[in-house]
Amino acid sequence: MISFRLNGKSTALEAPPIRRLADVLREDLGLTATKIGCNAGDCGACTVLLDGKQVCACLVPLGQVEGRDVATAEGLAADGALNELQESFLRHGAAQCGICTPGMLMAAASLLRSNRRPSRDDVEHVLGGVLCRCTGYRKIVDAVLDVGSSLPSISPKAGAAVGTSIAKLDGAAKLTGAEKYGADSFPADCLWLRTVRSPHASAGFTMGSFADLKQRHPGLVTVLTAADVPHNAYGIYPDIKDQPVLAESHVRYRGEAVVALVGDRAAIEAIADEEVPIEWHPRAAIMEPEAALAPGAPALHAFRPDNVLIRGFLRKGDVVAGFAAAKAVASGSFETPFVEHAYVEPEAGYARRVGERIEIFASTQTPYMDRDEIALIMGFDPSRIRIVPSACGGGFGGKLDLSVQPLIALAAWKLGRPVRWTYSRPESMRASTKRHPAKIQARFACDGAGKLMAVEFAGDFNTGAYASWGPTVANRVPVHATGPYAVPHVLARTRAIYTNCPPAGAFRGFGVPQAAIAHETLMDDLAGQMDLDPLEIRHLNAIRAGDATATGQGLATSAGLAQCLDTLRPHWRAARTAAEAANRHEIVSRRGVGIGCMWYGIGNTSMSNPSSMRVGLTRDGRLTLYNGAVDIGQGSNTIIAQICADALGVPVSALHIVMGDTDRTLDAGKTSASRQAFVSGNAAKAAGEDLRAKLLRLANVGEGAALELGAGQVILREGGRALTVDLAKLPALGSEGDVLIGEGRFDPPTTPLDADGQGIPYATYGFAAQMAEVEVDIELGSVKVSRIVAAHDVGRAINPQQVEGQIHGGIAQGLGLALMEEYLPGRSENLHDYLIPTVGDMPEIEVIIVEDREPLGPYGAKGIGEPALIPTAPAILGAIRHATGVRITRVPATPDRVLTALQRQAAE
Ligand code: FES
Ligand code: FES
C-alpha cells in the first residue's frame with residue numbers, strides 16, 4: 001500500500017512501487033489531465049508537482065511518492081471555478097489544442113508558488129521542459145506573466161461576436177483536464193491492442209503459428225494478421241487504395257504494421273517482438289527518389305512500374321520567350337527533408353461494437369473520411385460506422401490519415417469487446433506520415449525594371465511507401481510555384497515518387513512551404529542582381545486584384561500582399577539599417593534581416609469540398625450548433641460559433657456545441673487546407689441565417705428584428721412590438737429533440753484544371769509577408785532568431801486573438817523547418833533525437849493583421865492555419881544571407897551546414 005497526498009487529499013493504493021506515476025494517475029485514479037506524450041522525459045506533458053516542484057510523472061516510480069504531496073492540474077480549480085493562472089491562460093488564448101496545457105500550468109504553478117512576480121526569463125526558464133507544438137509559446141508566457149490581472153473577459157452582445165477576441169468556448173475544459181483526448185476516455189472492460197511493426201524498410205516475410213505465443217501468454221486474446229482484414233487496402237484518394245491495414249507478404253517501410261496483438265494490457269506488453277513468429281527476408285531498400293527513378297529499379301507498387309505516383313504540370317504563356325527576353329535570371333537547387341508533425345498527443349482511441357454497428361472514439365482531423373474508409377475496410381455500409389472524435393491534441397495534417405482506427409474497429413468487431421490503442425512515441429514517429437522531402441530546381445527571370453517575366457520550376461517529392469496525400473502535394477505546388485507574384489510565363493512540373501521511406505502526407509502547407517524556400521531565395525537573387533531592395537522587388541511584383549495567377553485565374557478581389565508589405569516596410573527599413581550599422585563593429589556575431597512572402601489557396605485544389613452545418617432549437621429554448629468540423633486546436637469550435645451566432649442574432653454563449661460526431665453532425669469535410677473558417681464558416685453562417693429566417697417567418701416580423709431566447713419561447717422585438725414564438729407548440733424534428741432547424745451548405749466555387757494546369761483551383765487565397773531578424777555566430781555557425789514581424793492578410797479576423805495564436809504557432813514550426821528539424825528514417829524515433837523548438841528558441845513576435853476582406857468569405861474571412869508557417873523559413877534564410885552573405889539552399893540550416901557554407905564562401 002502506497003500512501004501520499006494527492007491534490008490535498010490523502011490517497012492510498014495498492015500498486016507495484018515501480019509503476020510510473022503518470023500511469024497510476026491516469027489509469028488507476030482516472031486523473032487524465034496528466035498527459036503522456038513520450039513516456040521518456042522529453043515532452044513535459046506529464047508535468048505534475050511533487051512537494052511543490054515540477055517533475056515528469058512518466059519518470060517517477062510510484063514508490064517515490066510515498067508520504068509526499070502530488071499536485072495535478074485537476075487540483076488547480078476550486079469548486080469548479082478556474083484559479084487565477086487558469087483564468088489568465090483562458091484570457092490570453094494560451095491553450096490551442098490543449099494537450100500540453102496541464103503540463104504548462106503545473107510548471108508555471110511551481111514558479112508562482114515561490115515568485116508571484118516573475119520576469120520573462122524566469123517564466124521561460126521554468127517552461128523550458130514542456131513542449132508545445134501549437135502556440136509558439138508567446139501567449140503561454142504572457143499568461144503566466146499576467147496572472148492576477150483584473151482585465152475582464154470579453155462577452156460581446158448578440159450579433160457582435162465576429163471580430164472580437166472572445167475566449168475559446170472549449171478553453172476551460174482544456175485548462176481543468178475535463179477535455180478528453182484519444183487516450184483519456186474508454187470503457188472499463190477495454191482490451192488493449194498493440195502491433196508488431198517491420199524493423200526493415202523493405203522485406204518479405206513469412207509467419208508461423210501463433211498457438212505457442214497464445215499458450216505462453218494466456219492474456220493474449222487474439223492475433224490479427226492481413227488475412228483477418230476484410231478489405232485490406234485504403235488510401236486518401238478513391239482511385240489509389242495502395243496501403244494495407246496489415247502488410248500481406250512484404251513490407252515497404254520500416255514501421256509498417258504486420259501483426260496486431262489484442263488482450264490484457266500487461267500480457268500484450270510482456271510479449272517481445274522477437275517472440276512473434278515472423279521470419280524476415282530483407283531486401284535492398286530504395287530510400288531516395290533518384291534510386292527509385294533509376295533504370296531497372298524495382299517497382300514498389302505494380303500499378304506504378306516507374307515509381308512515379310503522380311505528376312503535376314502547369315504551363316502558362318511561353319516560358320522560353322520569357323527567359324529569352326529577360327534582363328536577369330536567377331536559378332538554384334533546393335532541398336528540404338522529412339519533417340515530423342510531432343503533435344504532443346500520440347495517435348489514440350478505442351472502438352466498440354454496438355449491435356451491428358461500430359463506434360470509434362479517436363483523435364482525428366476528418367471524421368467523415370474516417371467513417372467511409374473504415375466502412376470500406378470492414379465491407380460495411382458507412383451508416384454502420386460512427387466516428388466520435390476525441391479532443392485532438394494536435395494534428396497539423398498528420399491526423400488526416402488513418403492510424404489506430406482500422407485495427408481497433410476490426411478487433412472490437414471480431415471480439416465483441418471494446419478495444420483501445422495508444423501509439424507509443426517511437427511508434428508514432430516510425431509509422432505516421434511526414435512532410436514530403438523536396439528536391440527543387442527553379443529559375444526566375446525579370447525585366448530591366450525588376451518585373452517578373454518567367455518562372456520555371458521542377459520539384460521532386462519523396463512520397464514514401466504509400467500515396468497518402470502525395471497527389472495533393474504534386475497538384476498544389478505547381479499552382480503556387482511562382483510565389484505570390486504576377487508572372488506572365490510559367491512552366492512548373494512536379495513528381496511524387498514512391499520510395500521505401502515512411503509515407504509522406506499532409507503537413508501544414510501541402511508542399512507550399514518547400515516551394516516558398518525556392519521562390520523567395522530566387523527573389524532575393526533577382527533583387528541583388530537588379531540592385532533592388534528585397535522588399536521593394538516583392539512589392540513591385542505582388543499579385544493584386546485584377547491580375548491573373550499562373551493558372552489563368554483572374555483574382556477578382558481580396559489579394560492583400562501589397563498591403564502586407566506596406567505595413568512591414570517601416571519595420572524592415574529600421575531593422576535593416578540597424579543590422580548593417582551593428583555589423584560595422586561586430587565580426588563574430590553578425591546580424592541580418594530577411595523577408596519571406598507567401599500565398600495559399602484556401603481549401604482543396606480544384607475539387608468540390610463542401611461543408612454542411614446545422615443549428616437546432618429545442619422546445620425548452622436550447623440552441624445547439626451541430627458542427628462537423630473538428631477543432632484540432634486552431635479554434636474552429638469558437639470561430640464557427642461566433643459566425644453562426646451573429647448570423648442568427650444571439651450571443652455566442654447561447655450556443656451549445658456538438659463537434660464532429662458523425663451520427664449527430666453533417667459532413668463539414670476535413671480540417672485541412674486552412675478551409676474551416678472560409679468553407680465551414682460560410683456553412684455555419686447560412687445555417688444561422690436559415691434558422692433566423694424561420695423564426696422571423698413564424699413571428700411575421702422583418703429582417704431587423706431582435707431575437708431573445710427564453711424558456712420554451714423566442715421573443716422577437718421589432719419597433720415597439722414584442723412577438724413570441726411558443727416553442728412548446730412545435731412538433732419535434734429529428735432525433736435531437738429540436739423543433740426548429742437551420743441548415744447551411746457551402747462549396748467553394750472552383751473549376752478543374754485542364755491539361756496545362758489552367759483553371760480556378762481555389763475560390764480565394766491568403767497572403768503574408770514576414771520579416772525575420774537573426775544573429776549568426778560565424779565561428780559556430782549557430783543562428784538565433786531574435787524577432788519576427790508577421791503581416792498577414794486573413795480577409796477578416798473572426799477572432800483576432802486566435803489569428804495571432806495561429807501565426808505564433810506557424811512561426812514556431814517554420815523556425816523548426818528552417819533551423820533544426822530533420823526526420824531521418826530509422827533514426828529519428830523519439831523527441832530527444834528529433835528536436836522541435838522550445839520556449840527558449842522563440843523570438844519576439846509582432847503580428848500585423850491585414851484585413852482585405854473576401855466578399856465570398858463569411859463576414860469577409862479567408863483563413864490562417866497554413867499561411868502562418870509558410871513565409872517563416874524563407875525569411876530566416878534571407879536573414880542568414882543578409883548577415884553573412886551565404887545562401888543556404890538546404891534546410892535545416894544547422895550549425896554544421898551554416899559553418900560549411902561560410903568556410904566555402906571564405907575559400908572562394
Ligand atoms: S510523457 Fe513524460 S516527459 Fe513526455
Ligand atoms: S496547445 Fe500546446 S501542444 Fe497544442
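Points to keep in mind about this one:
- Cβ crowding within 10 Å averaged over residues, with 76-86, 452-462 ranked highest first: 452-462, 76-86
- For the chain, relative contact order (Cα pairs under 8 Å, six or more residues apart, normalised by length) works out to 14 percent.
- GluC sites (Glu not before Pro) lying in DSSP loop within segment 227-284, provided at most 16 other Cβ fall within 10 Å: GLU248
- Potential lengthening between ASP51 and GLU14 on full extension [0.36 nm per residue; Cα-Cα distance subtracted]: 11.2 nm
- Computed magnitude of the charge dipole of the chain (debye, nearest 20; Cβ of K, R +1, Cβ of D, E -1): 640
- Rounded to the nearest 20 debye, the dipole magnitude of segment 24-84 is 180 debye, with +1 charges on Lys and Arg beta carbons, -1 on Asp and Glu beta carbons, and the Cα centre as origin.
- Applying 1/(1 + (r/R0)^6) with r as the Cβ-Cβ distance of GLU779 and ALA40 and R0 = 30 angstrom yields a FRET efficiency of 0.35.
- Dipole of segment 42-186, positive end: most advanced residue of ALA95, ALA161, LEU76 [Cβ charges, Cα centre]: ALA161
- Lysines with Cα under 20 Å of LYS414, excluding same-chain neighbours fewer than 8 positions away: LYS214
- Rounded percent of accessible protein surface that carbon and sulfur make up, the chain, 1.4 Å probe: 51
- Distance from the alpha carbon centroid of segment 451-519 to that of segment 230-260 works out to 25 angstrom.
- Pair ASP121, ASP28: separation of 7 Å Cα→Cβ label points (nm): 4.2
- Gain upon complete extension [SER149, SER333; 0.36 nm per residue less C-alpha separation]: 61.1 nm
- Working ranking of peptides 406-419, 280-293 by packing, defined as the average number of other Cβ atoms within 10 Å per residue, highest first, is 406-419, 280-293.
- Between the alpha-carbon centres of segment 766-783 and segment 313-387 there is a gap of 30 Å.
- Net charge dipole size for segment 749-908 [Lys, Arg +1 and Asp, Glu -1 on Cβ; Debye, nearest 20]: 140
- Label-point separation in nm, ASP318 to HIS656, each point 7 Å along Cα→Cβ: 6.7
- Whether segment 177-226 is rounded, prolate or oblate, judged on the alpha carbon gyration tensor where a/c under 1.5 counts as rounded: oblate
- Think of the chain as a dipole: +1 on every Lys or Arg Cβ, -1 on every Asp or Glu Cβ, centred on the Cα centre; then among ALA226, GLY860, ALA465, GLY860 lies furthest on the positive end.
- Shape call, segment 220-298: gyration tensor on alpha carbons, a/c limit 1.5: oblate
- Here r is the Cβ-Cβ distance between ARG573 and ASN7 and R0 is 56 Å; the resulting FRET efficiency, rounded to 0.05, is 0.55.
- Counted over the chain, the DSSP beta bridges are approximately 80% antiparallel.
- Each of THR549, LEU535, GLY505 was placed along the dipole of segment 494-555 (beta-carbon charges, centred on the mean Cα), and the one lying farthest toward the positive end is GLY505.
- Take the Cβ atoms of ASP663 and ALA299, set R0 to 51 Å, and the FRET efficiency comes out at 0.75.
- Here segment 394-446 and segment 635-709 have alpha carbon centers that stand 31 Å from each other.
- Spin-label model, SER209/ASP306: points 7 Å from Cα along the beta carbon direction are separated by 4.9 nm.
- Once the chain from LYS414 to ALA160 is taken as fully extended at 0.36 nm per residue, the excess over their C-alpha distance is 86.3 nm.
- When peptides 870-879, 789-798 are ranked by their average number of other Cβ atoms within 10 Å per residue, the highest-first order is 870-879, 789-798.
- Note: relative contact order over segment 843-908, using C-alpha pairs below 8 Å and six or more positions apart, is 16 percent.
- Antiparallel DSSP beta bridges within segment 305-396, percent to nearest 5: 55
The values are calculated or read from the model by the stated rules, or taken from the named source; none is laboratory data. All values reported here derive from a predicted model rather than from experimental measurement. A quick note on method: Cβ atoms are made from the backbone with ideal geometry, for glycine too, and the neighbour counts reach across all protein chains shown. Calculation scope for accessible area: heavy atoms of the full protein, side chains included, ligands and nucleic acids excluded. Shrake-Rupley method; radii C 1.70, N 1.55, O 1.52, S 1.80 Å.
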